[in-house]
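Remarks on the structure that follows.
The values are calculated or read from the model by the stated rules, or taken from the named source; none is laboratory data. For clarity, every value in this text was computed on a predicted model and none was experimentally measured. Because the Cβ atoms are built from the backbone with ideal geometry, glycine has one as well, and the counts that use them run over all protein chains shown. Remember, those area values only see protein heavy atoms, side chains included, never the ligands or the DNA or RNA. Shrake-Rupley method; radii C 1.70, N 1.55, O 1.52, S 1.80 Å.
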Amino acid sequence: MTHEAILLTQKLVQIPSENPVGSEKDCATYVERWLREIEDIDVSVQRVEEGRTNVIAKRTGSDPSLRPLVILAHMDTVPVEGKWTFDPFAGEIANGKLYGRGACDMKSGLAAAMTALKQGTNHANRRDLYVIATVDEEGPFMKGACALIDEGLIPEDAELIATEPTSLHLSTVHKGTIWYEINILGKSSHCGNAQLGIDAAHAAAETIVRLKKNVEALSYHHDIFGKPSLSVGTIHGGDKTNMVAGSVRLELDFRLVPPMSAEEADKLVQQSVSEGCEVVGADFSAEHYGYARPPIESNKEAEVIERLQTAYEQTLGSQMKEAGFPAYTDVSMIGLKTGMRDLIVFGPGNLEQAHAIDEYVEVEQIEACTKVLSSLMQV
């Protein structure tokens, strides 16, 4: 008999919710309808944007003195790209793996949380339990998580869990994530008179070299994450082969490790771009693209960590391993905006599969995660 959380993962994968080329509307509708069928659950929706809603499920506990447990999982996925072996929206299972866009990141984590909440109807829960399905986690502004905070929908004393793919390891530290938009302005000219132009493409190349060298020279080295890294996500510029490029636009992804600050990252980027553009005399602007998200470290003394470890050991019969999460999540965004630090990441799937062609999650991990979360909800 196939585990209910596996069947739910399949169904969620079969509902496209690509961000930014699609929306979470159909997925949110299905999640809301599914949750409303559970007894003793209060379900509400929060409009974030037109056609985009967070879905909030709550089961009230018997002891109001206990801190609420809030589990968050996002509904959006990155777009499908490249040539897949498996239909990205079929949810096909083969060799113990469930394939599809979002199978790993993170519809399996959403399904595990929803199923655990449903299974909890067989047991009395002492603390308030929330499962929240969010929109726009993959976007630069993480609008779903921010809307929850802006409208006061996260209890101030809550313990937070994101069921992102950690291979069922405990993650208590997030890499920082800062995106930059770099616009380099040169001067177009005929390539026969290239000396009359200012080559923005040349300036961009010099800038990229300096960015890479300056990041590599940073002294930071985290026990889990290693060194900071910077990637050039997109490059757009020039108009024609025989024209000196008058402008170039870059998008950068800077991943910070503790204790590096956002201010230090900004200074490095500004300096690198300035030096690169100075080579040919180009002008530039360097701005944040989305929120600047510095590294976040959890409160290592948070009670939810000990309870999760106990639930894991009692359910799966082994000790839970620890790891870091090399990206931002809904809970780290909430932590950034509120100062809350009793937050962790724990969920099914290997993050190496996230955003990949033929993305998959091991079905055994979906079952195991559901069992652990169900156990956790009872204490």
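Some notes on this structure:
- Options Ile154, Ile161; residue that is open to solvent by less than 40 Å² (accessible area, probe 1.4 Å), assigned to a strand (DSSP E or B) and among the aliphatic types (A, V, I, L, M): Ile161
- Screening the candidates Val55, Val43 for the property of being part of a strand (DSSP E or B), of a type in the set (Val, Ile, Thr), at pLDDT 95 or above and in contact with a Lys or Arg (Cβ under 7 Å, 6 or more places away or on another chain) yields one hit, Val43.
- Among the residues of region 98-135, those that are open to solvent by less than 10 Å² (accessible area, probe 1.4 Å) and either at positive phi or not in a helix (DSSP H, G or I) (or both) comprise Leu98, Gly100, Arg101, Gly102, Leu129, Val131, Ile132, Ala133, Thr134, Val135.
- Residue in region 145-166 that is at positive phi and modelled with pLDDT of 95 or more present: yes
- If you filter region 120-137 down to residues that are more than 14 Å from the chain's Cα centre (by Cα) and more than 16 Å from Val43 (Cα to Cα), you find that the one that is modelled with the lowest pLDDT is Asn122.
- Filtered residues of region 310-345 (kept if among the aromatic types (Phe, Trp, Tyr) and over 13 Å from the mean Cα position of the chain (by Cα)): Tyr312
- Test: residue in region 45-64 that is without any contact (Cβ under 8 Å) to a residue 12 or more places away in the chain, closer than 17 Å to Ile132 by Cβ and under 22 Å from the mean Cα position of the chain (by Cα): yes
- So Thr207, is it over 26 Å from Ala323 (Cβ atoms), out of contact with any Ser or Thr (no Cβ under 7 Å at 6 or more places or on another chain) and polar (S, T, N, Q): no
- Region 217-242 - residue that is within 25 Å of the chain's Cα centre (by Cα) and within 30 Å of His190 (Cβ to Cβ) and, of those, surrounded by the fewest Cβ atoms within 10 Å (Cβ to Cβ): Thr234
- Residue match in region 30-37 (condition: open to solvent by 60 Å² or more (accessible area, probe 1.4 Å), in contact with a Ser or Thr (Cβ under 9 Å, 6 or more places away or on another chain), assigned to a loop (DSSP other than H, G, I, E, B) and not hydroxyl-bearing (Ser, Thr, Tyr)): no
- Residues that are under 23 Å from Pro228 (Cβ atoms) and out of contact with any strand residue (DSSP E or B) (no Cβ under 9 Å at 6 or more places or on another chain) were ranked within region 338-355; the one that is most open to solvent (accessible area, probe 1.4 Å) is Glu352.
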